[in-house]
Amino acid sequence: MTVVGGLAAGIAALMLPVWWAIATVVSAALLFGLWLKWMFAHHVWLAAAAPLSATAIALFAGTAWNYFVEGREKRRITQIFGRYVSKTVFEQLQANPSLAKLGGTRREMSVLFSDIRGFTAASEKATPESVVAQLNEYFNEMVRVLHAHNGTLDKFVGDMVMGLFGAPVDDPRHAENAVNCAREMVKALARLNARWRAEGRHPLDIGIGVNSGEMIAGNIGAEAIMSYTVIGDAVNLASRLESLNKDFHTRIIISDATRAQLTRTDDITPLGDVKVKGRTQAVAIFEVHASFAETDR
């Protein structure tokens, strides 16, 4: 009884959430006590101290192991992704940390680059405090939109936002979510501009590039400092597409690889084939139209 009780309590502590394990083992101990009482009433005396002590020790040890060793991976996920992913994705990572596959995996996913147009010139006429305040308002709204479409914030680079779709959790609708996010980013900025104009502040404009394809996602960097990001030719192309908005006087440009995965194409028009830096073959690109009524191009 001592061996069986200890093993059962230890397995319960390792396999179940903490409170479920405690409730299960305490319930089993109470049932064991009732059984001992019944046996005693039938003139059979059994030692209770050793089995119950083994059960308590095993429960404590299993719970401690679960927290300090097994729970460490969940806390690591919390630290890395807590501020970068949407609530839905974060809950999936907490429930199953192995979904993140830390260390680098090859994924089929989409990446979005969004950059502010003319911000440097506008910031030269404003105080540093107002520039930072306006940037923070802009970033807060863009990250909110990104998370609303199951995107993951990769990083801010100056006034650029880099978002991932399909990592760290797989998303079969990564291209659809990325393009819908781009549409909503443009609309959200229009709402911000309307308020900024009313406050006498300079409005902003953005250019967005989206590409889909195979990329390597994972923790990249040094042992002391690392970040979860993606690398690959498909990532570089998305950055090039974002830059092309200046040449085509557009706001959202996507690749043919992204367009092929979309269900909604009524607001998409072809821009032709272009050669981008780092590629020998021309790439078919498309403009996604999004309402931006509050400002002029």
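The values are calculated or read from the model by the stated rules, or taken from the named source; none is laboratory data. Note that the structure is predicted; figures quoted are calculated from it, not measured. FYI the Cβ positions are ideal-geometry reconstructions off the backbone, even for glycines, and counts take in every protein chain you see.
Taking residue 266, is it under 30 Å from residue 122 (Cβ atoms), exposed (fewer than 14 other Cβ atoms within 10 Å of the Cβ), over 21 Å from the mean Cα position of the chain (by Cα) and free of Cβ contacts under 8 Å to residues at least 40 places away in the same chain? Criteria not met by residue 266. Of all the listed residues (145, 132), the sole one being in a helix (DSSP H, G or I), loosely packed, with under 14 Cβ neighbours inside 10 Å and either β-branched (Val, Ile, Thr) or more than 12 Å from the chain's Cα centre (by Cα) (or both) is 132. Taking residues in region 113-128 that are assigned by TED's automatic domain parsing to the domain that holds residue 212 and touching a residue at least 40 places away in the same chain (Cβ under 8 Å), and partners anywhere that are of a type in the set (Lys, Arg) and assigned to a helix (DSSP H, G or I), the pairs with Cβ atoms closer than 8 Å and at least 6 places apart or on different chains are 117/246.
If the condition is being among the β-branched types (Val, Ile, Thr) and either closer than 15 Å to residue 283 by Cα or in a helix (DSSP H, G or I) (or both), then region 220-265 contributes 235, 253, 254, 258.
Residues in region 135-149 that are in contact (Cβ under 8 Å) with a residue 60 or more places away in the chain and in contact with a Phe, Trp or Tyr (Cβ under 7 Å, 6 or more places away or on another chain): none.
Any chance region 114-126 includes a residue that's crowded, with 18+ Cβ neighbours inside 10 Å, touching a helix residue (DSSP H, G or I) at 6+ places or on another chain (Cβ under 7 Å) and closer than 26 Å to residue 234 by Cα? Yes - at least one qualifying residue is present in region 114-126.
Of all the listed residues (20, 45), the sole one being within 30 Å of residue 96 (Cα to Cα), among the aromatic types (Phe, Trp, Tyr) and surrounded by fewer than 16 Cβ atoms within 10 Å (Cβ to Cβ) is 20. Within the set 175, 182, 194, the sole residue that is closer than 29 Å to residue 91 by Cβ, in a helix (DSSP H, G or I), of a type in the set (A, V, I, L, M, F, W, C) and out of contact with any Ser or Thr (no Cβ under 7 Å at 6 or more places or on another chain) turns out to be 182.
Given the criteria in contact with a Lys or Arg (Cβ under 7 Å, 6 or more places away or on another chain) and either charged (D, E, K, R) or crowded, with 21+ Cβ neighbours inside 10 Å (or both), does residue 216 qualify? Here the answer is no, as residue 216 does not meet what is asked. Can you report the number of residues in region 165-176 which are surrounded by 22 or more Cβ atoms within 10 Å (Cβ to Cβ) and modelled with pLDDT of 95 or more? Of the residues in that region, 3 qualify. Checking each residue in region 202-218 for being of a type in the set (A, V, I, L, M, F, W, C) and either within 15 Å of residue 151 (Cα to Cα) or in contact with a helix residue (DSSP H, G or I) (Cβ under 8 Å, 6 or more places away or on another chain) (or both) picks out 204, 206, 208, 210, 215, 217.
Would you be able to say whether some residue in region 111-124 is among the aliphatic types (A, V, I, L, M), modelled with pLDDT of 95 or more and farther than 18 Å from residue 191 by Cα? Yes, that holds for at least one residue.
Conditions (1) assigned by TED's automatic domain parsing to the domain that holds residue 262; (2) within 16 Å of residue 279 (Cβ to Cβ); (3) at pLDDT 90 or above, marked per residue:
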| position | (1), (2), (3) |
| --- | --- |
| 188 | yes, no, yes |
| 217 | yes, no, no |
| 233 | yes, yes, yes |
| 243 | yes, yes, yes |
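Of all the listed residues (216, 231, 253), the sole one being more than 19 Å from the chain's Cα centre (by Cα) and in contact (Cβ under 8 Å) with a residue 12 or more places away in the chain is 253. Of these, 190, 175, which one is of a type in the set (Gly, Ala, Ser) and within 17 Å of the chain's Cα centre (by Cα)? After ruling out the rest, the residue left standing is 175.
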